[in-house]
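Here the structure is laid out as structure tokens; the discussion comes afterwards.
The values are calculated or read from the model by the stated rules, or taken from the named source; none is laboratory data. Small disclaimer: the values here were computed from a predicted structure and weren't measured. Ideal geometry is used to build each Cβ from the backbone, glycine not excepted, and the neighbour counts take in all protein chains shown.
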Amino acid sequence: MRKSIEYLVEEGDDKGKVFVITRMSAFEADEWASDLIHALSKAESKLRDTGSKMGMASLEGMTIDLLGALDPKDRKKAFADLLACCKIKRDPRNPLVEATKILEVDIEDPMTFIHLREKALSLHVDFIKAAAYQPFLFVAALIPEEKASKENV
């Protein structure tokens, strides 16, 4: 069973609404994370100032702000994929009523979009880390062993 979290909106126009955010399948998340890393690498010049000090460990703290450096087409896809992980509980007090797809009329507060994307992103950090490591492993495999051992001395 895929990991899910509930998010209760505590303020703003959507106060009291409950959303269920479910992680993508491993295959979907792996592909999504690879696409995201590729898009971030294309946006490298924009990221240099904001992300120059960001290492692999700081991916835990990665925020939606970082995605703002993406090409608009890539950002739109990344945001849409994150929102696709979200559903709304129309009757949170009744456990028999399952969460359903979010409709345009369900969200009134723009901050709700940001919070939903941040929560969905937090469920996928491990996949982003894995995707980020893959190119480095490939590059490391191309470096001759002699040269790599000299550089490590």
**Failed condition for VAL153, given (1) more than 24 Å from ILE37 (Cβ to Cβ); (2) among the hydrophobic types (A, V, I, L, M, F, W, C); (3) at pLDDT 85 or above** = (3)
**Fill in**
Taking the range 90-124 and the residues there that are assigned to a helix (DSSP H, G or I) and touching a Gly at 6+ places or on another chain (Cβ under 8 Å), the one that is surrounded by the most Cβ atoms within 10 Å (Cβ to Cβ) would be THR112
**Fill in**
Reported set for the range 14-42 where residues are surrounded by 20 or more Cβ atoms within 10 Å (Cβ to Cβ) and among the hydrophobic types (A, V, I, L, M, F, W, C) is PHE19, ILE21, MET24, ALA29, TRP32, ALA33, LEU36, LEU40
**Prompt:** From the residues in the range 103-120 that are in contact with a strand residue (DSSP E or B) (Cβ under 6 Å, 6 or more places away or on another chain) and aliphatic (A, V, I, L, M), which one is nearest to CYS85 (Cα to Cα)?
**Reply:** ALA120
**Message:** Give me the residue from the range 67-121 that is among the polar types (S, T, N, Q) and free of Cβ contacts under 8 Å to residues at least 24 places away in the same chain and, out of that set, nearest to GLY12 (Cα to Cα).
**Reply:** THR100
